[in-house]
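Presented below is the structure to which this report refers.
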Amino acid sequence: MNIPKILSVQALENKKLLVKFVNGVEKVYDCTQLLGIEMFQVLKNDAFFKSVRVDSGGYGVSWNDDADLSEYELWTNGVEVVMASA
């Protein structure tokens with residue numbers, strides 16, 4: 001499977017991420033499922049959660065050296081945003 005690289009990421013309310021991929025697809029990824037995992041405990045802090053950034057080359061997103069997500073995880077488990085047509 002060819003997973004597209006990440007173009008941008010934006011922290012949303014309720015511990016969700018809006019991830020835009022290079023192919024134009026946007027997906028919302030719910031990080032609440034991660035909060036029970038020790039390395040993701042830091043995401044409970046709203047200011048820290050909002051500091052998310054795209055990794056070099058678009059291969060994932062990260063908050064620090066320990067808390068990160070791959071483009072595969074975000075692509076596979078994210079929910080595609082469907083734009084309403086006008």
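Just so you know, all these numbers are worked out from the coordinates, no wet-lab data involved. What you see is a predicted model, and the numbers here were worked out from it, not measured in a lab. Positions of Cβ are generated from backbone atoms using ideal geometry, with glycine treated the same way; all protein chains shown enter the neighbour counts.
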Helix-only mean residue ellipticity at 222 nm, the chain, DSSP H runs n ≥ 4 weighted -39,500 (n - 2.57), per residue, nearest 500. What is it? -2500 deg cm²/dmol
With the convex hull built on the Cα atoms of segment 6-80, state its orientation-averaged projected area in nm². 4.4
For segment 20-63, run through the trypsin sites (Lys or Arg not before Pro) and keep only the ones in DSSP coil with at most 15 other Cβ atoms within 10 Å of their Cβ. Lys50
For the chain: relative contact order, % (alpha-carbon pairs under 8 angstrom, 6 or more apart): 30
Hz values of 3J(HN,Hα) by residue in segment 44-58 - Karplus curve (6.51, -1.76, 1.60), Gly and Pro given as x: 5, 7, 4, 5, 5, 4, 6, 7, 4, 9, 7, 5, 3, x, x
